[in-house]
Structures are given as structure tokens and as C-alpha cells.
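Here's the structure we're looking at; comments come further down.
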Amino acid sequence: MATVSLMGAGCASQPNPRPMIIPEPTHMEMGQKHFQINDKTRIIVQTDTRGTGEFLADLLTPALGHHPELVQNAALLNTDNAILLLIDPGSPLGEEGYQLTITHNTLRIFAATDAGIFYGVQTLRQMLPPEIELKKSLAPSALELPAISIMDRPRYRWRGFMLDVSRHFFPPEYIKRTLDLMALQKLNTFHWHLTDDQGWRIQIKRYPELTSIGAWRTDENGQRYGGFYTQDEIRDIIHYAAARHITIVPEIEMPGHCMAALATYPELSDTGGPFKVSDKWGIHYDVYCPGKESTFVFLQNVLDEVIALFPGPFIHIGGDEVPKDQWKANPQCQALMKREHLANEEELQSYFVKRITAYVQSKGKRVIGWDEILEGGLAPGAAVMSWRGTKGGIAAAQSGHDVVMSPGTHCYLDHYQSESQIPPKPFRLLTLEKVYSFDPSGELTPDEAKYVLGVQGNLWTEQVATPQRADYMAYPRLAAIAEVGWSISENKDWPDFESRLKSFEQRLSYLGVNYFAGPTTTTQPAAEPSAATKP
Ligand code: ACM
């Protein structure tokens, strides 16, 4: 581990115990004294760090019994009994790194940007006892912090979590709660899977039927099921995410997984329908018809509104699991293939993706898609999300494309966590230990590894109907994803992670998270997940 105990070497007293932090910081050096946060402790901020200062003040308020004073005054930089949150433009720790130094009279967090300050505050939060999450008055000893020097920065810049809100809908409050928990774990990218066969979940003002029709299905039990986010709700969530240094990547699926859109506008399909918003899981044969210009007009109009809403650099366009049968049978698709000299339907998919990519790029955004977008040739500038193992990610990196690793083998949080949890067959098993073992760059040369943006845990929700169940599937495995994304390989240590997890899970339980508390590893050999994860 990167923990060393040099401070005070030679003295009789022992250094402080190492704090239990997930993800494990890059470098920690323990001191011997303590800093007491008390009634008089002030938080010194700058314009750029005031929001993070408020976040810290809100965290401390119930425990202290009053709101600590926030002061923006350069003259106070050397004051005692202060928590300093200060931008250091010369910090060597990158855009998200921070330095946290606690002595007996001050606590300083320095970073190049407020994101780094925010992550320093998350580390500080985990140095406080889990009871801090209960938001109640605590004894003064709970607010005593060990002297320490931490230098920390993330291994990867994309540390993601994907939530599928199409198969089951999760209300805005649960999305915000998800963002809160991501922040605790220093995750910075929320991939919002907003459209699929079973429901269209984002209001598009130009096409109101997408949500009046496409957001609702009739399930096998005869019940209507659905929901969607208005653009106002989405803006509010984007703002909430930004305050936690989380970028949202919206996903609008194409050319497949689009029954909810085709149920609304059957004329965009190959056959003309009619269709209904699907109440079945799996892959559907009806997909958007690229042989009709109206398909591109529709998708570009949708993307215009999506691009205007989301400030982040990436738009996810899906691209996975597209049966080509309807394109083979459709004369308009065949005519287009002839006109464009496309040899087969894989090249037609590539034509589709390239056209959409060029459009999105013309609006100043980047495209990311599932690894099928490699088939028939990848659009220049597009990034790949590798889910059918790491093969697609490796091929993308080798051809100079950015990649996010989220292979089913290690990152699919809809798979079961232990044999004891498995009633249905066939099942796919993904233990906490296996998630933890993942190295996103492990199969790449150093030059290829430069294209690995990072790692992401994905929660598909066919079998996840409630927030309680989503918690149960996501935690604690998302904490392992967070450490895979943040901590350097030299600092990864499974037994040590397990012992840190005990305090982390106490924190989760105080935060009301219904985490899975069963076995973290397996004794039986389990079948490897197959490439496709959907039935
Ligand atoms: C996927 O799991 N179909 C990307």
C-alpha cells in the first residue's frame, strides 16, 4: 500500500491509524496529532470553491449543531482553526487531483480546480465517522481528525455508472440520490440510458407523442407502466450533477432498441408497423429504417434538443444489438446500399452511425456508442464503449479511438452477486471480488492504454423494478468500480478493500442504501457470461 509512516519517525508515539477510504488514495502519510473541528472552526473559500465549501458546511452542520462560518478573505490564509479550500493553479495533481494536509491547527485542501477540492472534501467526509451521514448531533470526539498528508489523483478520467431507466423508470429523486452516492465514491460520469424498446423517457418538445405514447406500455399483467422526465426536470438534474462534478451522458438508442419510438412513429420503420411499446425484454427485429430520409430528419431533430439540454461533451447513440433482417428485405434500404456502394448490411449500419456521428460532431459534441459501432468501420472521432468483453475496446484503442471499458464479464451490475442469490436459470454471476479484479488497461500496451478513458458499471433494469432493488444490485459493487477507476494498480489489494468496505457499508446503511450484504466472492466455478447479456 502507498501508506508510509515517516512523519514523526524516531519519536516514541505511534502514527495515527490509516483512514478507511474508498477509493484508496494514491499516497497517504500519517501524522501523530489531531485537528478538532469545533464551534469556532471557519471554512475559508474562494469564489470558485464556495459551492464545495457549502457542501462541507452542510455536512458538518447537524453534527456541530450550527452552520460553520464560510469566509472569503485572502487575509485569513494563515489563520488557525480553519479549513482552507483553495485553488492552487500550480498543483501537479491534474484536473481532479488534490492535496489534503491536516495538522493540529489547520486542515488544507489544495487543488488545481474545484473538482479536486470537491474530491478532497469527499475524502475528508470518509475520515469522519460513518455517523456523520445520520445528520444528527455528534460528540466532539467524532469531529476530531488525524494529522495526515494525502496526495491523490484519479487513474482514469471516465469513472462511470449507467442506469437503464427505460425497462423500469426511476423518478428524479432517485436519480439525484444516485448522483449523491456517485459523488461519495468520486465517480464523475452518469450515463443515462433514456430510450429503449420498453419506454422513451425524455421529453422532446418537437415530438410530444414520444412521451404521451412512447413512455407508456401495457405489461403482461394488464397494467399501464411508464413515466418520463420533462426537460425542466432534466435541467434540474444536470445542475444537481454539475454541483457534484458529475457529467451526464444521455443515451438515445439507434438504429435498434427503438420500439418505443416506432410505436409512436411507425413510418420510421422498415415495415410501417403498427407497433406497441414493448412489454418483452430482449432484441427486437423492428429497427429504424435508414433507407428513408425522414428517419434522419427525425433523429437529427431529437438530437438537436438533446444537445441543447446536456452540456457535456458526449452523446451516446447506442448502436448495439441491431438485427439486419428488415434492412435485407426493405427495397429502400437496398436502394440506398446500391447508391452508397455499401457491400452488406453491416456497412449500412456503419453508414448510419457515421452519418449521425458527423451530425453530432457538426454541433460540437462527440459520439460514443456500444462496441457494435466498430462493425463495418468506425466513424472518425467516435468513442467506443466495450461491453461484449474487452475485444471491441482493444480494437478501438489499437485504431486510435477512445474507449470506455464496461465488459459484461466485470462491469454488468445486473448479474447476480452470489450463488445464494440465484433462482432463475440461466444466470450470470459477478461477484464483488471479480469486479474488483478488473484492470481496464490490463490487456493493452502503454501506447494503446492512452486511449482508455476509463471504466463504467452498468445497471440494466429488466429485473430491477424498484429503487430498493437497484440499490441492492449496484452496491457494494459500484464501490469496486469506483476503486478500479480511481486507484492505481499498486494500491489495489482485495483483502484491504474488504476491510475498508466494512466502514463504507456502515456509511451506506446510514444513507439508507439497501446494499447487498451477502458473499463477496465465490467458491464454485461459475459460467462466464456470454457475449450478449439480454435474453
Ligand atoms: C448492451 O448490454 N446491450 C449494451
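The values are calculated or read from the model by the stated rules, or taken from the named source; none is laboratory data. Given the structure is predicted, the values throughout are model-derived calculations rather than measurements. Note: ideal-geometry Cβ built from the backbone for every residue, glycine included; neighbour counts use all protein chains shown. The area values use the complete protein model at the heavy-atom level, side chains included, leaving out ligands, DNA and RNA. Shrake-Rupley method; radii C 1.70, N 1.55, O 1.52, S 1.80 Å.
Taking all protein chains as they are arranged and a probe of 1.4 Å, the heavy atoms of residue 451 leave approximately 80 Å² accessible to solvent. The angle separating the long axis of helix 114-127 from the principal Cα axis of greatest extent in the chain is about 60 degrees. Enumerate by residue number the GluC sites (Glu not before Pro) in region 201-243 meeting two conditions: DSSP loop (anything except H, G, I, E, B), and at most 16 other Cβ atoms within 10 Å of the site's Cβ. Taking region 201-243 and a limit of 16 other Cβ atoms within 10 Å, the loop GluC sites (Glu not before Pro) found are 220. Candidates 412, 331, 392 compared by Cα position along the dipole of region 314-437: farthest toward the positive end lies 331, with charges placed on Cβ. Between the C-alpha center of region 54-98 and that of region 314-373 there is a gap of 49 Å. Ordering 178, 188, 198 by Cα displacement along the dipole of region 148-206 toward the positive end leaves 188 in first place; charges were set at the Cβ atoms of Lys, Arg (+1) and Asp, Glu (-1). Of the accessible area of the chain, computed with a 1.4 Å probe over protein heavy atoms only, carbon and sulfur atoms account for 53 percent. Heavy-atom accessible area for residue 152, with the other protein chains in place and a 1.4 Å probe, reaches approximately 0 Å². For the chain, the 222 nm mean residue ellipticity estimated from helices alone, with every DSSP H stretch of n ≥ 4 adding -39500 (n - 2.57) and the total spread over all residues, rounds to -9500 deg cm²/dmol. In terms of accessible area, using a 1.4 Å probe and ignoring ligands and nucleic acids, 385, 20 rank largest first as 20, 385. Stretching residue 38 away from residue 212 to a fully extended chain increases their span by 57.3 nm, per 0.36 nm per residue minus the current alpha-carbon distance.
If only the Cβ of Lys and Arg carry +1 and only the Cβ of Asp and Glu carry -1, the dipole of the chain around its Cα centre is close to 460 debye. Estimated at the nearest 10 Å², the accessible area of residue 239 is 130 Å² with a 1.4 Å probe. Applying both filters, DSSP loop and at most 13 other Cβ atoms within 10 Å, to the trypsin sites (Lys or Arg not before Pro) of region 416-504 gives 450. Legend: residues 431, 520, sorted from most to least accessible area (1.4 Å probe; ligands, DNA and RNA excluded), read 520, 431. DSSP assigns beta bridges within the chain; of those with both partners inside it, close to 30 percent run antiparallel. The angle separating the long axis of helix 231-243 from the principal Cα axis of greatest extent in the chain is about 30 degrees. Pairs exceeding a 26 Å alpha-carbon distance, out of 136/186; 135/502; 338/391; 280/363; 40/136: 338/391; 280/363. The trypsin sites (Lys or Arg not before Pro) of region 193-261 that DSSP puts in a loop, and whose beta carbon has at most 16 other beta carbons within 10 Å, are 205, 206. Only Cα pairs under 8 Å and 6+ residues apart enter the sum, and on that basis the relative contact order of region 334-378 stands at 44 percent. In 20 Å bins starting at 0, how do the alpha-carbon pair distances of the chain split up by percent? Final binned percentages: 21, 52, 23, 3, 0.
For the chain, the solvent-accessible area of protein heavy atoms averages 38 Å² per residue (probe radius 1.4 Å; ligands and nucleic acids excluded).
Stretching the chain fully between residue 103 and residue 134 yields a gain of 8.5 nm (0.36 nm per residue, less the alpha carbon separation).
Computed on protein heavy atoms with a 1.4 Å probe, the accessible areas place 294, 141, 441 in the order 141, 294, 441, largest first. In this structure, the amide hydrogen of residue 383, modeled 1.01 Å from its nitrogen in the peptide plane, lies closer than 5 angstrom to those of 367, 368, 369, counting only residues at least 5 positions away or on a different chain.
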